[in-house]
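Comments concern the structure below.
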Amino acid sequence: MMPNYDLESAAAAVAPFKWYQKRWGRAIIIAVVVMAALLVVSSWLMIDLMLKVARQSGSAQSGIEKVLSGEEVARARQLAEKTDRPYLGNLEAKLVVVEFGDFKCPFSGQEFSVIRGLINKYKDDILLIYRHFPIYKNSAQLAQAAWCAQEQDKFWPLHDRLFFSQDQELSDDALKQLAQQAGVDLKKFNACVASKKYEGRVTEDATDGQALGVRGTPTFFINGIKVEGVVTLEDWEKIIRKYEATINSQ
């Protein structure tokens, strides 16, 4: 005679122990979920903080905090402020701003319109010197082309057009077209670019930048004090007021 067989009892006997259905099991699950959520949130906050620091690293408030000796500032000014470079503003100005930029850098492009507005407003009070710090692909070639435009006193018209064209992949023909729009003699410009005669000048800018601690673009030296990254017009106004007060008190 076959023994009685309880299917439900047999299934219960072989089923795994459902600890997660117990009160203490649910408590463990809740604790693990909360810890995981806290980990995700803290990681996100850390990343967000790092991004904010990276974006704001060039603000006037963060860039001028490091205190340098007068000797260090003087050395920085001597290396940075080379007036045989393209410049705008007043050569006799007591406030000298040196920009290390890159025509392909989106942050340099973001700063471009701010600087232009600043110089237009304070052209009698500021000397702006532009120096090249090529980082991106083909940036060095564009810097050399800008020097060839400088040879014809057309640096700034080409400078502006290169920044306006940042979203384009510039072919040789496109670059020539921009140069022509800037008003250069195209035959002389083409010969200059082909000769690479200003390669050494661009390399010198990059070497000086490295010696000055430039790590990215744009980087500014304001009377020898380094300010990194994008600087808002509001912060530039604060910087100008700060230095005007300092200069006037001397």
message: Just checking, does the range 111-130 include any residue being surrounded by fewer than 20 Cβ atoms within 10 Å (Cβ to Cβ), at pLDDT 95 or above, in contact with a Phe, Trp or Tyr (Cβ under 9 Å, 6 or more places away or on another chain) and within 30 Å of Glu244 (Cβ to Cβ)?
response: yes
- prompt: What do you reckon, is Gln150 surrounded by fewer than 22 Cβ atoms within 10 Å (Cβ to Cβ) and under 17 Å from the mean Cα position of the chain (by Cα)?
  reply: no
- prompt: Got a sec? Which helices (runs of 4 or more DSSP H) wholly within the range 162-216 have at least 2 residues that are of a type in the set (Asp, Glu)?
  reply: 172-181, 199-211
- prompt: Of the conditions (1) within 23 Å of the chain's Cα centre (by Cα); (2) over 27 Å from Leu95 (Cα atoms), Thr219 fails just one. Which one is it?
  reply: (2)
query: Is it the case that the range 133-142 has a residue that's modelled with pLDDT of 95 or more, crowded, with 17+ Cβ neighbours inside 10 Å, in the same structural domain as Leu118 (by TED's automatic domain parsing) and among the aromatic types (Phe, Trp, Tyr)?
result: yes
message: Residues to consider are Gly229, Gly224, Gly183, Gly216; find the one that is within 15 Å of Ser139 (Cα to Cα) and not charged (D, E, K, R).
response: Gly216
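The values are calculated or read from the model by the stated rules, or taken from the named source; none is laboratory data. Since the model is a prediction, treat every value here as computed from it, not as a measurement. FYI the Cβ positions are ideal-geometry reconstructions off the backbone, even for glycines, and counts take in every protein chain you see.
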